[in-house]
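These notes are about the structure you will find just below.
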Amino acid sequence: RNNAEKFEFQAEVSRLMDIIINSLYSNKDIFLRELISNASDALDKIRFLSLTDKEVLGEGDTSKLEIQIKLDKEKKILSLRDRGIGMTKEDLIKNLGTIAKSGTSAFVEKMQGSGDLNLIGQFGVGFYSVYLVADYVEVVSKHNEDKQYVWESKADGAFSISEDTWNEPLGRGTEIRLHLRDEAQEYLEEGKLKELVKRYSEFINFPIYIWASKEVDVEVPADGDSSDEEDNAETSSSEEGEDEDDEKSEDDDAEKKPKTKKVKETTYEWELLNDVKAIWLRSSKEVTDEEYTKFYQSLAKDFSDEKPMAWSHFTAEGDVEFKAVLFVPPKAPHDLYDSYYNTNKANLKLYVRRVFISEEFDELLPKYLSFLKGLVDSDTLPLNVSREMLQAHSSLKTIKKKLIRKALDMIPEKSGDDDEKKGQYTKFWNEFGKSIKLGIIEDATNRNRLAKLLRFESTKSDSKLTSLDQYISRMKSGQKDIFYITGTSKEQLEKSPFLERLKKKNYEVIFFTDPVDEYLMQYLMDYEGKQFQNVSKEGLKMGKDSKNKELKESFKELTKWWKGALATNNVDEVKISNRLDNTPCVVVTSKFGWSANMERIMQSQTL
Ligand code: ADP
Ligand code: MG
């Protein structure tokens, strides 16, 4: 093409493509799921824009929000077309090659280990899976605000973009043409495609059509002469129009000279492959576990074999009406806590009266619950307003409140003594425990409920996880505070001189070894009326100690001398301690100061 501009793929993207092309991964079907998902996203986008501006949809076929699939056996091309938002020239350059997303290198890294290609969609690079089955791909695209362009690449490190002067105009949307590799010819079989589309499009909210062949019986002239056919047609129509007693004469005609015969002919027509139904509108009693699992998979683009840990499907009624489905994924996504406070982590899809609005509404759930996947469909929110107005809408607060409550109820905590449930909760804790801790920091209203969900090890937990309620049930009589200590590891803490005396006196001490724990304990002041006491800080009280006053008096001179001997700006005070057993002295942090562990964390800026 003489108007083609050449571009190089961004380096990570190029590596990703190499991995895909050379992959021995056997489940190549996944490319179709990724293409359908992209088409559906593009349709969602144009439908959203059309809420405030009907014009964007255009007229005639262009305005139909649908997906079409065609197979060309001769040219060995599988093409998938949508009438979605389309891509401008700049979009094509950025989205399909030059901008690496955060997931690109994460995915490359995974794939170099024992990564599962099936999860490609979760990393935001699903498009490139087309190279599992194609060695040459063309993307024709028309966006309302630009001309029609063709992106094409043979996955040789480069792609080119040309203004499209030779294809049929798309009106609007995108057509992806896969020139299938020799070993991927099965994707030209209609039956295979129908089966795959049905499997992958169960939860796609737009109609998907395939250009399907159909064998039909047609009547052709017995001697197959075309001039005869015309004659025949003429005769029969004149018969119909003129003869009153036509029944009789027709019979006579047929008996005398059968001029036509039936033959099979192949015709093509658009065949609809999915019925567009929304699972969340159905009653939760009617939806099977398997359907929820599949729905989760398509929603979260998580096609691992694991089921979600829990889900909740409910309808809220009253002033604010909405339906919602929430899922706890089986595993935390790779980037859950990356730049946690600086990025939008929203994971819920917002629909208003069945129309997809956005998945970037962080007003729906607090940040710490962003590990949940799901959707909300509201009948109360207005449909034809801008996103900004929606974001400021007063019912969002009510929705958020209800979602938080349902989410916390759903967490499989009710452990009791049931081993299976305990195991489930441990699994949950290992994946998402940090979110619960962040919740205690962020959400003052639900702090106590969240604190119930906390798990940790302690000097008495026997290497198992234990909870605050369990700690309290083991507290010694006369013990007022909940004791804890912070540090880098349990092994390190177990040797701490701060524990000597507590251990000897049989007090239980919680080990907090996660950097976030230091922050956590600045917010979690008390639980069930008990204060928390860091045992490396000033103020440790273990029951009554009557000898203390006496000792203080008799060592007064010594402590005074010590304080003078140490540079005054290094220590605040020198005191007699009741917390030690073998160690002669320790450095203790003042009540309101940073613990030694906090100093260490601040120096390395881990959060
Ligand atoms: P993701 O869908 O997770 O963003 P993909 O690799 O599947 O990642 O797609 C990359 C980007 O390319 C999309 O975000 C979108 O901007 C663009 N894109 C892909 N397919 C289409 C399409 N059919 N219509 C419009 N844009 C598309
Ligand atoms: Mg995609």
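What follows is calculated from the coordinates using simple rules that are stated; it is not laboratory data. Computed from a predicted structure; not experimentally measured. Quick reminder, even Gly has a Cβ in these numbers, built from the backbone with ideal geometry, and neighbours come from all protein chains shown.
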Between ALA310 and residues 5 or more places away or on another chain, which pairs have amide H atoms under 5 Å apart, with H built 1.01 Å from N, and which residues are they? VAL328
With x for Gly and Pro, the residue-by-residue ³J(HN,Hα) of the range 91-98, computed from phi through the Karplus equation 6.51 cos²θ - 1.76 cosθ + 1.60 at θ = phi - 60° and given in whole Hz, is 4, 4, 5, 6, 5, 10, x, 9
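Please rank LYS277, LYS45, fewest neighbouring Cβ atoms within 10 Å first, as an exposure proxy. Kindly include the intermediate steps, with their values, before the conclusion.
On the way: LYS277 10, LYS45 15.
Starting with the residue having the fewest Cβ neighbours, the order is LYS277, LYS45.
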With +1 on each Lys and Arg Cβ and -1 on each Asp and Glu Cβ, and nothing else charged, work out how big the dipole of the range 408-550 is about its Cα centre, in Debye to the nearest 20. 660 debye
Specify the inter-centroid distance of the range 390-408 and the range 310-366, based on alpha-carbon positions, in whole Å. 10 Å
Could you sort out which of LYS537/LYS560; LYS437/LYS503; LYS6/LYS101; LYS476/LYS575 sit more than 23 Å apart by Cα distance in this structure? LYS437/LYS503; LYS476/LYS575
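Hey, which of these cross-link pairs are over 25 Å Cα-Cα: LYS495/LYS563; LYS198/LYS301; LYS434/LYS480; LYS294/LYS421; LYS45/LYS192?
Working: LYS495/LYS563 27 Å; LYS198/LYS301 17 Å; LYS434/LYS480 27 Å; LYS294/LYS421 23 Å; LYS45/LYS192 29 Å.
Distance filter (> 25 Å) returns LYS495/LYS563; LYS434/LYS480; LYS45/LYS192.
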If you find the alpha carbon centre of the range 492-561 and of the range 279-309, how far apart are they in angstrom? 49 Å
Please report, to two decimal places, log10 I(q)/I(0) for the chain at q = 0.05, 0.11, 0.12 Å⁻¹ as given by the Debye formula with identical point scatterers on the Cα atoms and no solvent. -0.37, -1.11, -1.22
Residue by residue through the range 406-412, which ³J(HN,Hα) values in whole Hz follow from phi under the Karplus form 6.51 cos²θ - 1.76 cosθ + 1.60 (θ = phi - 60°), with glycine and proline marked x? 5, 5, 5, 5, 7, 4, x
Mind checking which lysines have their Cα closer than 27 Å to the Cα of LYS261? Skip sequence neighbours fewer than 8 apart in that chain. LYS214, LYS248
My understanding is that a pair violates if its Cα-Cα distance is over 23 Å; which of LYS94/LYS154; LYS28/LYS142; LYS28/LYS285 do that in this structure? LYS28/LYS142; LYS28/LYS285
